[in-house]
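No value in this document is a laboratory result; all are computed from the given coordinates. Remember, it's a predicted structure, so these values are computed and weren't measured experimentally. With ideal geometry, Cβ positions are generated from the backbone for all residues, glycine too; neighbour counts draw on all protein chains shown.
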């Protein structure tokens, strides 16, 4: 292979490598903390910024704005990928971490809709856009910076610290939330205390900047710059460089798509499932999901090291296969142990709706038909129901009980008589062990598909367009397949009256990702960086 500036590599000392990993990982933890803190406080933010008088609509609006931040990640990938390939890795991710910190603190300072009306959700929306743009440039910069310093035989392990830092940001967000809640009364927390985790991002920003300012530029980028080999337009060249279109497709659908939906299903869907349909106390749900995330952190590091021996694609493909097999059974098990009364009542006294116009719109402030109103009430409570054949008048059957028409109090009474319980609770200790094990398996599946991904994507693309080419497919996948997952899953569950129905969305994406990965990725041992003549993806 011809040696070019893109492939020249001067290995840093062990001390320098520790600083590189620590500074890059700390910044990544901070940026994802900022992004995830919004999701961790969903129930409060939905009521504060999107009051609609309907819990289902409030949560859907909240998840829609959550998704908007993800939707702007590809644009951030284009913008900061261009800067990273033209101006350098280091200074680009200094800009992204600063933008993220300012935007996150801003969310904590925006008055609620009760004070400033529609300006509140508009401001939050704009701040989420800034967060999405910043995150679109952060991940690729940190992963590439570490990879371009790392020796080839340890690249998977070293970049796995960046992968673990994403989960670390999620766990950190939960730890900060739990610490703040424990330090104040429930009334204070609900009134203004929830804003503290957002404002704390300014302190985390200062630490991240201090650490990253100590870093020097990537040796690969410096060599390309000195040799005059920088791309004039990295975005355009990402699509015109020989073989890169195939690499982009494989990276998008075969690599990032499946990993993304497993990650967000494990953490965000897991959290909302426990807090919502399963009626688990918020703090208990946060402790269960956050502690399971620690398993994900360890598994990321183990997977990265494993990929240095067996190749980058094999863990990813095995994780996707396991996800297809285990996704539904794990959530069914969580449901059976998190709220056994609800599960037992659903089996013993199934709910059947039969009537005219049994359609449901998740966005309607008030359902126009009695059947739609019944569907909305049952969906908000996480009660599974089946739609029967159309009939002249609405009949609601709860086991052996039959109700004519829709009366909210009568339906609530029938559900209570049938054993449906909707009180926030903590499961029995033995049940919590089972729930935690299921969540830990989900976290491990996420880590197996994620731990080697940074090394895989970095090695897949040539150095002159690496920042752009890696960031674009990753953030399209994470922004749309993953970012819209909570919203799409919630929509499907509400539409079909089944809290598990939303799992079909991630299951389908995982299946596509597995097939594309089997077709496109090199399943052999790790290979070194591509030179400027390009390389095949497989």
| remark: Inter-part gap, Cα centre of region 207-236 to Cα centre of region 304-346, in whole angstrom, is 38 Å
| query | Per Stokes-Einstein, at 10 °C and 1.306 mPa s, what whole-number D in µm² s⁻¹ belongs to region 342-417, with the Kirkwood radius over Cα pairs as the hydrodynamic radius? | reply | 128 µm²/s
| request: For region 407-431 and region 458-475, compute the distance between their C-alpha centroids and round to whole Å. | output: 51 Å
| message | Report the gain in length on full extension from residue 404 to residue 91: 0.36 nm times residue separation, minus Cα-Cα distance, nm rounded to one decimal. | response | 106.0 nm
| Where does each of 375, 17, 224 land when they are ranked from fewest to most other beta-carbon atoms within 10 angstrom? | 17, 224, 375
| So in region 342-417, what percent of DSSP beta bridges are antiparallel if you round to the nearest 5? | 75 percent
| message | Suppose the chain between residue 332 and residue 344 were pulled fully straight at 0.36 nm per residue; how much longer would it get relative to their current alpha carbon spacing? | response | 3.1 nm
| task | Normalise the Debye intensity by I(0) for region 102-221, one equal point scatterer per Cα, no solvent, then take log10 at q = 0.11, 0.12, 0.17 Å⁻¹ and round to two decimals. | result | -0.52, -0.60, -1.01
| remark: Quick numbers on region 257-304, Rg and Dmax over C-alpha atoms in Å, give 11.9, 36
| query | How many angstrom separate the Cα center of region 250-301 from the Cα center of region 119-198? | reply | 14 Å
| remark: Relative to the chain, whose Cα atoms define the longest principal axis, helix 370-381 and its Cα axis are tilted in degrees, nearest 10, by 60 degrees
| task | Would you mind checking the tilt of helix 313-338 against the longest principal axis of the Cα atoms of the chain, expressed as 0 to 90 degrees and rounded to 10? | result | 20 degrees
| query | Quick one: of the DSSP bridges fully inside the chain, what percent are antiparallel, nearest 5? | reply | 65 percent
| Computed FRET value (nearest 0.05) for residue 98 with residue 298, which takes r as the C-beta separation and R₀ as 25 Å | 0.25
| Got a sec? How would 85, 308 order by Cβ neighbour count within 10 Å, fewest to most? | 308, 85
| note | Rounded to the nearest 10 degrees, the helix 119-149 long axis (Cα) sits at an angle to the longest Cα principal axis of the chain of 40 degrees
| request: Provide the FRET efficiency to the nearest 0.05 for the residue 309-residue 236 pair, computing r from the beta carbons and using R0 = 30 Å. | output: 0.20
| remark: The equivalent-ellipsoid semi-axes of the chain, taken as the square roots of five times the Cα gyration tensor eigenvalues and listed largest first in whole Å, are 44, 24, 21
| said: Cut-off is 10 Å between beta-carbons; in what order do 291, 201 appear when sorted fewest neighbours first? | reply: 291, 201
| query | Counting alpha carbon pairs within less than 8 Å and at least 6 residues apart, what relative contact order, in whole percent, applies to region 342-417? | reply | 36 percent
| note | Contact order relative to length for the chain, counting C-alpha pairs under 8 Å separated by 6 or more residues, stands in percent at 27 percent
| said: Under a crude label model (7 Å from the Cα following the beta-carbon direction), how far is residue 179 from residue 119 in nanometres? | reply: 3.3 nm
| remark: Nearest-0.05 FRET efficiency for residue 428 and residue 210 at R0 = 60 Å, using Cβ-Cβ distance, is 0.85
| query | Dividing the convex hull volume of the Cα atoms of region 419-538 by its residue count, what figure in Å³ per residue is obtained? | reply | 149 Å³
